[in-house]
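As structure tokens, the structure follows; a few thoughts come after it.
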Amino acid sequence: MKFIGQRTIIEGFKDKIVNNTMSHAYTLTGPVGIGKKSLAHYLAKMILCTGSADSAPCGKCRSCKSFEAGSNPQFMAVRSSTQKILIKQIRELIDDIGVRPSHSRKVYVIEDADRMTVDAQNCLLKTLEEPPEYAVIFLTTAYFESLIVTVRSRVVQLKLQPYSTEELKEILEMTGIDARGKEHLLKWSMGVPGRAIDLISDSNFEKNREMVMKFVFEDELSMLDFNQYLSGKKEVFTQCMDILETVYRDILFVLYGLGEELINCDKKDKILEYAKSFNSSDILDKISKISDIRANLKRNMNYQLAVDMVTLELK
Ligand SMILES: [Zn+2]
């Protein structure tokens, strides 16, 4: 069974399993939607596989089969059914960890570990300090810094890397999502599969993007259209500003000679054309205006005024 991407982490674990140099606690970190839980489960399956180390997880041995069926007695996942992971869930983990396995190891995954209450984290501490030698605990979190410092200092942090466009395509294919003709959305997702899936299924996104492109690249009338579009739809403002920022970011990249790195790669011709009429300080000025307007809106600037400023000052 193949896991797409994250080779550094996976190959690292293969070596550690063979050489018996695994630590007892790891935290997998990275942005929301990058696949931390999937990787933690994959590593757990790999560690528990009784086949040869080269092919682990083999998917054929008894351990792999029971893992796939969700009934491997040497594996336990802790997750929050509400927004919190409570101390009683950690106590259940500790009770289970105390029972020696008949063979090999026991693996635990605490999903969204930042949801542990401070009590729950403190409760886990002693186990993190002196875990039984057969146990491996994985924590996953997008917010590593929000774990208490004593927990943070007792785990090895492993950061997941953004996926390449090719890897994203493979992942989407595996999940049955057709990304053909949507390569620009893959760039937009910054290598995070969950983001790519959200963008592909977000029907507003393409419309918002179309409006922003018209506003930047088309004639004067588009200012009025864009103003009206934003006026009636406060909920799309943030996403439209995100999109506008990427367009200016792309123009800036062209001006700096980095035209191959565009996010809005499907609009390359228009971006190249537009870049001819501006210099980088004009564009930097526009980008800083966007963040000023965002900040002023947070400080309760009148929404229509913000919309007017966008359409008058950012064309
Ligand atoms: Zn196996």
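Assorted remarks:
- Rounded tilt (10° steps) of 280-298 against the dominant C-alpha axis of the chain: 70 degrees
- Under 5 Å, built H, 5+ apart or other chain: amide partners of Ile110: Val78, Phe138, Leu139, Thr140
- Just checking the listed ones, Thr238, Thr29, Thr141: in the Gaussian network model of the chain with Cα springs under 10 Å, the one fluctuating most is Thr238.
- Carbon and sulfur %, accessible surface of the chain computed with the full protein complex present, 1.4 Å: 51 percent
- When the GluC sites (Glu not before Pro) in the stretch 204-312 are filtered for DSSP coil states and for at most 11 other beta-carbon atoms within 10 Å of their beta-carbon, the remaining sites are Glu220.
- Only Lys, Arg (+1) and Asp, Glu (-1) charged, at Cβ; the chain dipole about Cα centre in debye: 1200 debye
- Taking the square roots of five times each eigenvalue of the Cα gyration tensor of the chain, the equivalent ellipsoid has semi-axes of 47, 23, 16 Å, listed largest first.
- Using R0 = 22 Å, the C-beta based FRET efficiency linking Leu284 and Leu221 works out to 0.20.
- Between helix 237-255 and the chain: long-axis angle, C-alpha atoms, 0 to 90°, nearest 10: 80 degrees
- Computed with a 1.4 Å probe over protein heavy atoms only, the accessible surface of the chain comes to 51 Å² per residue.
- Taking every alpha-carbon pair under 8 Å whose residues sit at least 6 apart, the stretch 192-311 reaches a relative contact order of 25 percent.
- Between Thr82, His184, Asn122, the Cα set farthest toward the positive side of the dipole of the chain (charges on each charged residue's Cβ, about the Cα centre) is that of Asn122.
- Taking Tyr248, Tyr229, Tyr108 as the candidate residues, the one with maximal mean-square fluctuation in a Gaussian network model of the chain, Cα springs under 10 Å, is Tyr229.
- Relative contact order (%) - criterion: Cα under 8 Å, at least six apart; region: the chain: 16 percent
- Additional length obtainable on full extension of the chain from Lys233 to Arg152, 0.36 nm per residue less Cα span: 24.9 nm
- With a cut-off of 19 Å on the backbone N, the residues of the stretch 213-241 near the modelled label site 7 Å out from Asp269 along Cα-Cβ are 213-219.
- For the stretch 7-161: relative contact order, % (alpha-carbon pairs under 8 angstrom, 6 or more apart): 33 percent
- For the chain, with +1 on Lys and Arg beta carbons and -1 on Asp and Glu, the positive-most of Leu172, Asn296, Val156 along the dipole: Val156
- Rounded to 10°, Cα long-axis angle of helix 165-174 versus longest principal axis of the chain: 60 degrees
The values are calculated or read from the model by the stated rules, or taken from the named source; none is laboratory data. Computed from a prediction, not measured in an experiment: that's the story for all the values here. Heads up, the Cβs are rebuilt from the backbone with ideal geometry, glycines too, and the neighbour counts pull from every protein chain shown. We work out accessible area using only protein heavy atoms, side chains counted, and drop any ligands, DNA or RNA first. Shrake-Rupley method; radii C 1.70, N 1.55, O 1.52, S 1.80 Å.
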